[in-house]
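The values are calculated or read from the model by the stated rules, or taken from the named source; none is laboratory data. Nothing here was measured: the structure is a model prediction, and the numbers come from that model. In this analysis, Cβ positions are derived from the backbone assuming ideal geometry, glycine residues included, and neighbour counts consider all displayed protein chains. In case anyone asks, the SASA skips ligands and DNA or RNA and just uses the protein heavy atoms, side chains included. Shrake-Rupley method; radii C 1.70, N 1.55, O 1.52, S 1.80 Å.
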Amino acid sequence: MIDAFGLWSVSINAYCNRVTTVFQSELGLCTKTKIKLELKHDAVSTFRPKRPVAYAICSAVDDELDRLERAKIITPIDFSNWAAPIVVVRKPNGNIRICGDYSTGLNGALQSHRYPLPLPEDIFAKLGNCTVFSQIDLSDVFLQV
(Lines give C-alpha, C1' and ligand atoms only; values in the text may rest on other atoms or scores of the structure.)
Protein backbone atom coordinates (compact mmCIF):
# COMPACT_ATOMS: atom_id res chain seq x y z
CA MET A 1 0.00 0.00 0.00
CA ILE A 2 2.81 2.40 0.82
CA ASP A 3 4.26 1.79 -2.66
CA ALA A 4 0.87 2.21 -4.37
CA PHE A 5 0.26 5.56 -2.74
CA GLY A 6 3.88 6.72 -3.09
CA LEU A 7 4.31 7.33 0.62
CA TRP A 8 7.86 6.02 1.16
CA SER A 9 9.41 9.39 0.36
CA VAL A 10 6.84 11.42 2.32
CA SER A 11 7.48 12.17 5.97
CA ILE A 12 4.49 11.66 8.25
CA ASN A 13 4.92 15.31 9.26
CA ALA A 14 4.26 16.34 5.64
CA TYR A 15 0.68 15.14 5.77
CA CYS A 16 0.02 15.53 9.48
CA ASN A 17 -1.17 19.07 8.86
CA ARG A 18 -3.28 18.05 5.84
CA VAL A 19 -5.40 15.41 7.53
CA THR A 20 -8.59 17.48 7.47
CA THR A 21 -8.43 17.85 3.68
CA VAL A 22 -8.03 14.12 3.03
CA PHE A 23 -11.35 12.78 4.25
CA GLN A 24 -14.84 13.17 2.87
CA SER A 25 -18.16 12.80 4.66
CA GLU A 26 -19.33 9.88 2.50
CA LEU A 27 -17.75 6.48 1.98
CA GLY A 28 -14.96 6.73 -0.57
CA LEU A 29 -13.62 4.37 -3.18
CA CYS A 30 -9.92 3.60 -3.50
CA THR A 31 -8.89 3.59 -7.15
CA LYS A 32 -5.11 3.74 -6.68
CA THR A 33 -4.62 0.07 -5.98
CA LYS A 34 -6.39 -3.27 -5.74
CA ILE A 35 -6.12 -5.73 -2.94
CA LYS A 36 -5.05 -9.17 -4.01
CA LEU A 37 -6.01 -12.06 -1.78
CA GLU A 38 -3.80 -15.09 -2.31
CA LEU A 39 -5.08 -18.54 -1.55
CA LYS A 40 -2.91 -21.27 -0.07
CA HIS A 41 -1.87 -23.81 -2.69
CA ASP A 42 -4.03 -26.51 -1.10
CA ALA A 43 -7.10 -24.28 -0.52
CA VAL A 44 -10.49 -25.76 -1.25
CA SER A 45 -13.52 -23.56 -1.86
CA THR A 46 -15.95 -23.45 1.04
CA PHE A 47 -19.66 -22.77 0.73
CA ARG A 48 -21.45 -22.15 4.02
CA PRO A 49 -25.23 -21.72 4.09
CA LYS A 50 -26.87 -18.61 5.48
CA ARG A 51 -27.74 -18.34 9.13
CA PRO A 52 -31.28 -17.53 10.23
CA VAL A 53 -32.09 -13.86 10.85
CA ALA A 54 -34.69 -12.85 13.42
CA TYR A 55 -37.99 -11.99 11.74
CA ALA A 56 -38.11 -8.71 13.66
CA ILE A 57 -35.07 -7.39 11.78
CA CYS A 58 -35.53 -8.99 8.35
CA SER A 59 -36.72 -5.74 6.77
CA ALA A 60 -33.83 -3.82 8.36
CA VAL A 61 -31.37 -6.37 6.95
CA ASP A 62 -32.96 -6.06 3.49
CA ASP A 63 -32.76 -2.25 3.72
CA GLU A 64 -29.09 -2.39 4.73
CA LEU A 65 -28.26 -4.82 1.92
CA ASP A 66 -30.01 -2.47 -0.54
CA ARG A 67 -27.99 0.47 0.84
CA LEU A 68 -24.73 -1.46 0.47
CA GLU A 69 -25.63 -2.39 -3.10
CA ARG A 70 -26.53 1.22 -4.01
CA ALA A 71 -23.18 2.34 -2.56
CA LYS A 72 -21.45 -0.29 -4.74
CA ILE A 73 -20.00 -1.99 -1.68
CA ILE A 74 -21.61 -5.33 -2.50
CA THR A 75 -22.77 -6.82 -5.78
CA PRO A 76 -25.46 -9.48 -6.09
CA ILE A 77 -24.43 -12.72 -7.80
CA ASP A 78 -26.28 -15.84 -8.90
CA PHE A 79 -23.66 -18.47 -8.11
CA SER A 80 -20.35 -18.88 -6.27
CA ASN A 81 -18.17 -21.71 -5.03
CA TRP A 82 -17.33 -19.55 -2.01
CA ALA A 83 -19.91 -18.33 0.49
CA ALA A 84 -19.79 -17.18 4.09
CA PRO A 85 -22.76 -16.51 6.34
CA ILE A 86 -23.47 -12.99 7.54
CA VAL A 87 -23.65 -11.84 11.12
CA VAL A 88 -26.10 -9.05 11.94
CA VAL A 89 -25.20 -6.78 14.85
CA ARG A 90 -27.26 -3.91 16.24
CA LYS A 91 -25.22 -0.71 16.60
CA PRO A 92 -25.62 1.55 19.65
CA ASN A 93 -27.54 4.05 17.49
CA GLY A 94 -30.16 1.40 16.61
CA ASN A 95 -28.97 0.75 13.04
CA ILE A 96 -27.63 -2.63 12.04
CA ARG A 97 -24.22 -3.71 10.83
CA ILE A 98 -23.82 -6.65 8.47
CA CYS A 99 -20.53 -8.53 8.63
CA GLY A 100 -19.32 -11.59 6.74
CA ASP A 101 -18.16 -14.43 8.97
CA TYR A 102 -15.08 -15.42 7.02
CA SER A 103 -13.83 -17.61 9.86
CA THR A 104 -16.06 -20.33 8.38
CA GLY A 105 -13.64 -21.05 5.54
CA LEU A 106 -12.05 -18.14 3.70
CA ASN A 107 -9.74 -16.94 6.49
CA GLY A 108 -8.12 -20.35 6.78
CA ALA A 109 -7.65 -20.61 3.01
CA LEU A 110 -5.76 -17.31 2.64
CA GLN A 111 -2.01 -16.83 2.65
CA SER A 112 -0.93 -14.68 5.59
CA HIS A 113 0.33 -11.16 4.96
CA ARG A 114 3.70 -10.71 6.55
CA TYR A 115 3.74 -6.93 6.60
CA PRO A 116 5.27 -5.70 9.88
CA LEU A 117 2.86 -3.29 11.51
CA PRO A 118 4.54 -0.36 13.28
CA LEU A 119 4.52 -0.32 17.05
CA PRO A 120 2.29 2.28 18.74
CA GLU A 121 5.39 3.82 20.37
CA ASP A 122 6.93 4.44 16.93
CA ILE A 123 3.73 6.02 15.60
CA PHE A 124 3.35 8.29 18.64
CA ALA A 125 7.01 9.35 18.40
CA LYS A 126 6.47 10.44 14.78
CA LEU A 127 3.29 12.31 15.70
CA GLY A 128 5.02 14.15 18.56
CA ASN A 129 5.72 17.36 16.61
CA CYS A 130 2.38 17.55 14.80
CA THR A 131 0.08 20.46 15.59
CA VAL A 132 -3.16 19.71 13.75
CA PHE A 133 -5.21 16.58 14.32
CA SER A 134 -8.54 15.40 12.97
CA GLN A 135 -11.31 13.15 14.17
CA ILE A 136 -12.39 10.41 11.79
CA ASP A 137 -15.70 8.57 11.79
CA LEU A 138 -14.71 4.99 10.99
CA SER A 139 -18.27 3.64 11.13
CA ASP A 140 -17.99 1.86 7.77
CA VAL A 141 -14.22 1.46 7.57
CA PHE A 142 -14.46 -2.34 7.31
CA LEU A 143 -16.38 -1.87 4.06
CA GLN A 144 -13.40 -0.15 2.42
CA VAL A 145 -11.68 -3.49 1.84
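Matching residues to (1) out of contact with any Lys or Arg (no Cβ under 8 Å at 6 or more places or on another chain); (2) at pLDDT below 95; (3) outside any loop (DSSP other than H, G, I, E, B):
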| position | (1), (2), (3) |
| --- | --- |
| 66 | yes, no, yes |
| 75 | yes, yes, no |
| 80 | yes, yes, no |
| 97 | no, yes, yes |
| 107 | yes, yes, yes |
| 112 | yes, yes, no |
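Would you mind telling me which numbered condition in (1) touching an Asp or Glu at 6+ places or on another chain (Cβ under 9 Å); (2) within 19 Å of residue 143 (Cβ to Cβ); (3) open to solvent by 90 Å² or more (accessible area, probe 1.4 Å); (4) of a type outside the set (Gly, Ala, Ser) residue 98 fails?
(3)
Taking the condition farther than 16 Å from residue 37 by Cβ, more than 17 Å from the chain's Cα centre (by Cα), in a loop (DSSP other than H, G, I, E, B) and of a type in the set (Val, Ile, Thr), does residue 61 pass? Walk me through how you get there before you give the answer.
On the way: farther than 16 Å from residue 37 by Cβ: yes; more than 17 Å from the chain's Cα centre (by Cα): yes; in a loop (DSSP other than H, G, I, E, B): no; of a type in the set (Val, Ile, Thr): yes.
So residue 61 fails the test.
Taking only the range 114-145 into account, find how many residues are open to solvent by less than 80 Å² (accessible area, probe 1.4 Å), closer than 26 Å to residue 36 by Cα and at pLDDT 85 or above.
Within the range 114-145, residues that are open to solvent by less than 80 Å² (accessible area, probe 1.4 Å), closer than 26 Å to residue 36 by Cα and at pLDDT 85 or above number 1.
In the set 89, 53, which member is open to solvent by less than 80 Å² (accessible area, probe 1.4 Å), without any contact (Cβ under 8 Å) to a residue 24 or more places away in the chain and in contact with a strand residue (DSSP E or B) (Cβ under 8 Å, 6 or more places away or on another chain)?
Just a single option satisfies the conditions, and that option is 89.
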